[in-house]
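Here's the structure, in structure tokens; my notes come after.
No value in this document is a laboratory result; all are computed from the given coordinates. None of the values given here were measured: they were computed from a predicted structure. Cβ sites come from the backbone with ideal geometry, for glycine too, and all protein chains shown count toward neighbours.
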Amino acid sequence: MMTRNFFTNGFIFDPTTGPITAQKIKDNTPFTRWLRYSAAVGGPVYLPKLYNGRNRTFWMFGYQAHNRLRTVAGPLTVPTEAMRRGDFSSLLALGASYQIYDPFSITAEGARFRRQPMPGNIVTGNRISADARRYVKYFPLPNATGTVDSLNNYVRARPDKQDLYQPIVRLDHNSITIGTVAGAASSATRSPSSTAASINWWKAATCAAASASGRTGATRSTRWAC
């Protein structure tokens, strides 16, 4: 059994992430194995020399379980080799909306403030903190084409296992005076092995936040710290 969610299908059939090929579809279609088990047994309550519940009191025990193993795959975004060094010139080539501004160059203009753009959209090495250099090493390098602005450039597949075990016990008693009385008790134990995780490298700040707009009155987003 193989399934793809909406976002994975969007990545596969988005022409900006590369040509739509059989290999691309295969690589991004996760495999799922789902095994289900169930059994039930019951009968009259009969305790020799103590209680004979034939035709009156009945018990039932049921048990069900499922074991699901699947591959969770989807596109994520990680910094390119050039971006790790503070070089965002490739983004600037796509338009002025990708311009990075120097947060330490703020000047007042009436009720607003203006920042100066980073020359060439490059954060120089002396503006990148040592903590940021260590932090960025934990991000893998891109392994997919991604979009023109380097989004969705990393495809990650990981195993995800989920086990469910659920027993149930039921008793039924037929009383001449009050009719039928029944009671049941059950419990369920679920043991997932992992949870979904995502990588959002835009939040991996290298120093102070550098806004993607030069004026605080028209700030677009925070893309990098410099």
Problem set entry | Calculated FRET efficiency for the pair D14/R85, C-beta based, R₀ 35 Å, to 0.05 | 0.80
Problem set entry | Cα centroid separation, segment 156-180 to segment 25-97 (Å) | 19 Å
Exercise. When a footprinting reagent is the concern and you count Cβ atoms within 10 Å, what order do K161, K137, K24 take, fewest first?
Worked result: K137, K161, K24
Exercise. Going highest first, how would you order 83-93, 126-136, 58-68 by mean Cβ packing within 10 Å?
Worked result: 83-93, 58-68, 126-136
Problem set entry | Chain lengthening between Y37 and F139 when straightened (0.36 nm per residue, less Cα-Cα) | 32.7 nm
